[in-house]
Amino acid sequence: MQSTRSLIKRLRGDFPGFTFESSDGFWWSASKRTIHFDASAENSTVYSLHELSHAILDHKGYEYDIDLVKLERDAWDYARRILATEYDVTIDETVIQNNLDTYRDWLHARSTCPACDATGLQTKQRTYRCLACGHLWSVNEARICALRRYSLQTK
């Protein structure tokens with residue numbers, strides 16, 4: 001398997017429309033067309049291909065939280081099916097599922113009613129309504145910080 005640095009060098013040549021920037025993590029900035037990568041991280045080649053997949057698939061944002069889970073799943077699928085083969089990188093299904101689990105857990109926490117702990121339904125961006133008790137709440141973005149749920153009404 002090739003090193004992350006040699007992979008990034010190759011990707012820079014193959015994808016001149018994107019910028020590859022060394023960083024302290026992995027993410028795709030659609031507004032800057034920049035793929036951030038951490039060459040020192042475990043599985044860095046795998047995560048670099050995943051972020052490149054977001055770029056190739058033109059992932060820009062989402063309105064509903066479930067859409068973020070779909071974007072993540074699509075990027076992992078593209079990285080595994082297309083890019084891993086092209087760049088001779090092995091992507092372990094366990095890595096994919098563990099990563100997707102973090103998003104599924106994030107979605108579950110956001111959709112859990114703060115009044116009765118039942119599952120709610122997202123009605124608009126960052127707003128949920130409980131299917132059991134009708135409680136309405138909003139959530140913060142909370143992808144990289146602690147989840148906060150704010151009641152918009154009392155029971």
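The values are calculated or read from the model by the stated rules, or taken from the named source; none is laboratory data. Keep in mind the model is a prediction, meaning the values are calculated, not measured. As a convention, Cβ positions derive from the backbone with ideal geometry for all residues, glycine included, and neighbour counts pool all protein chains shown.
Note on the range 52-64: residues that are modelled with pLDDT of 95 or more and in contact with a helix residue (DSSP H, G or I) (Cβ under 8 Å, 6 or more places away or on another chain) total 6.
Look through Leu7, Leu57 and report the one residue that is aliphatic (A, V, I, L, M) and out of contact with any Ser or Thr (no Cβ under 7 Å at 6 or more places or on another chain). Break it down into steps so the answer makes sense when it comes.
Numbers: Leu7 fails: out of contact with any Ser or Thr (no Cβ under 7 Å at 6 or more places or on another chain).
Answer to the check: Leu57.
Might you let me know whether the range 101-110 holds any residue that is in a helix (DSSP H, G or I), of a type in the set (Lys, Arg) and touching a residue at least 40 places away in the same chain (Cβ under 8 Å)? Yes, the range 101-110 has at least one match.
Looking at the range 132-144, can you tell me whether even one residue there is over 30 Å from Gly17 (Cβ atoms), outside the structural domain of Gly25 (by TED's automatic domain parsing), part of a strand (DSSP E or B) and out of contact with any strand residue (DSSP E or B) (no Cβ under 6 Å at 6 or more places or on another chain)? Quick ask: steps written out before the conclusion?
Step one: filter the range 132-144 for residues over 30 Å from Gly17 (Cβ atoms), giving 132-140, 142.
Applying the additional criterion that residues be outside the structural domain of Gly25 (by TED's automatic domain parsing) yields 132-140, 142.
Right, trim to part of a strand (DSSP E or B) and you get 136-139.
Applying the additional criterion that residues be out of contact with any strand residue (DSSP E or B) (no Cβ under 6 Å at 6 or more places or on another chain) yields none.
Taking every residue of the range 132-144 in turn, none turns out to be over 30 Å from Gly17 (Cβ atoms), outside the structural domain of Gly25 (by TED's automatic domain parsing), part of a strand (DSSP E or B) and out of contact with any strand residue (DSSP E or B) (no Cβ under 6 Å at 6 or more places or on another chain).
Can you find a residue in the range 117-130 that is outside the structural domain of His50 (by TED's automatic domain parsing), part of a loop (DSSP other than H, G, I, E, B), surrounded by 13 or more Cβ atoms within 10 Å (Cβ to Cβ) and free of Cβ contacts under 8 Å to residues at least 60 places away in the same chain? Checked the range 117-130: at least one residue is outside the structural domain of His50 (by TED's automatic domain parsing), part of a loop (DSSP other than H, G, I, E, B), surrounded by 13 or more Cβ atoms within 10 Å (Cβ to Cβ) and free of Cβ contacts under 8 Å to residues at least 60 places away in the same chain. Quick check on my filter: what residues within the range 31-56 are exposed (fewer than 15 other Cβ atoms within 10 Å of the Cβ) and within 19 Å of Asp77 (Cα to Cα)? Answer for the range 31-56, where residues must be exposed (fewer than 15 other Cβ atoms within 10 Å of the Cβ) and within 19 Å of Asp77 (Cα to Cα): there is none.
Going by what's in this entry, would Tyr150 be described as hydroxyl-bearing (Ser, Thr, Tyr), surrounded by 14 or more Cβ atoms within 10 Å (Cβ to Cβ) and not in a loop (DSSP other than H, G, I, E, B)? Before you say what the answer is, go through the steps one by one.
Working: hydroxyl-bearing (Ser, Thr, Tyr): yes; surrounded by 14 or more Cβ atoms within 10 Å (Cβ to Cβ): no; not in a loop (DSSP other than H, G, I, E, B): yes.
No; evaluated as a whole, the condition is false for this residue.
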